[in-house]
Amino acid sequence: MGDDHRRPWQREGVLFFGDVIAGLSHELSNVFNIINEMAGLQQDILAGAQPKSADAADRLSELAGRIKAQVERGETLNQSLHSLAHSVDDANIAFDLGDTLELVSSLAARRARLARVELVVHRPESPVTLEGDPFVLLLTIYESIVAVVGAADSERRVEVSAAQHDSGAQVFITSADPLPPGVADEIAALEIGHLSWGAVHTLDPPFPEPPGRIILDVPAVAPALNAPADEEGQEDPDGN
Amino acid sequence: MATDRVLLVDDEKDFVEVLAERMRSRGLEVTCATSGREAISAVEAQTFDAVLLDLAMPDLDGLETLRRLHEIQPELQVMILSGRATVKTAVEAIRCGATDIFEKPTDVETLVKRIKAARATRIAHEDDVAEEHIEEILRKRGW
């Protein structure tokens, strides 16, 4: 009973894991398939060429370089999976917002690529330390980015940046072109961050103008850490 | 003897380039496309014996590309070559007229054999169409 208020975002979290892991796994399969074909091509070259042919040696050397590049791509994808898995380790820690943004960037890259949107993420110029559950903030920023990427025209650029603001931070998700008005409803439906972090989305410029960017105000400390408990011991996410 | 012509469609550039090279070394004439739109332009511009098509692609996905390719050339033999075809997408692809579904990785020799068979099917289809056309002419002229 005491954890009832967590259920909606826990369900969101499971859906998020499924979605992101499916995407990363697909990308890893692409890497393996490319390496598999490159290995096959190496066999073709060895089977068809003279053993000491300079041309065959050059081709094999070039292929080795391309295999190495694919292995690096696979390792980057694997690191994202590893970081994602550890993002749920501790619900009450101090962490750097820049690390969260970098992880979000790698997790949202496939969504952006499939939407033909260029996603660029900038780390804050100086570290911004927040306290709370990094996974909940990761989920909130990811869903905000996905809403904006989905609404942006293809072949466009979406930039994500952040800065210290008061004692907390602001995260900016900026589209190169004004977004369709419907994105306001999608953003309004993102209650996860509000419930768990007290994080609030605002549109810039405000409704009814078509928004060009979403601003996410994030308190330095998630309210769940210090919110007063009610009679049953349940934390009130709104602090009432 | 004419060459078997195949169009490879996959958004992974490295994948299509390497598979194309392997198929060329086995005597096929290969054209590459890295998007559904490029594939449509290629089919509008020339005739292929077969198309090998990926499903998960940006912009136009494989199923939508398949539908549009068949609008241009209904008898075109399109085979799906996908990393993660689910039963649902496989059924949908067959409904849309795909002739085969291959899951990556598939042995290149299997693909080449299937493409050569597709060429034979296309030629047989063209022969049937030509025969029907000749019979129609003969009927009209009362010969």
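Worth a mention:
- Residue in region A:14-24 that is surrounded by 18 or more Cβ atoms within 10 Å (Cβ to Cβ), facing another protein chain (nearest Cβ under 10 Å) and touching a helix residue (DSSP H, G or I) at 6+ places or on another chain (Cβ under 9 Å) present: yes
- Test: residue in region A:36-59 that is buried (at least 17 other Cβ atoms within 10 Å of the Cβ), of a type outside the set (D, E, K, R) and in contact (Cβ under 8 Å) with a residue 24 or more places away in the chain: yes
- Residues of region B:80-107 classified as within 17 Å of B:ASP10 (Cβ to Cβ) and basic (Lys, Arg), total: 2
- Condition check for A:VAL136 on (1) more than 23 Å from A:GLN164 (Cα to Cα); (2) crowded, with 23+ Cβ neighbours inside 10 Å: one failure, at (1).
Only the coordinates and a few stated rules stand behind these numbers; no lab work does. Here the structure is a predicted model, which is why all the values come from computation and not from measurement. Note that we place each Cβ from the backbone using ideal geometry, even for glycine, and neighbour counts take in every protein chain shown.
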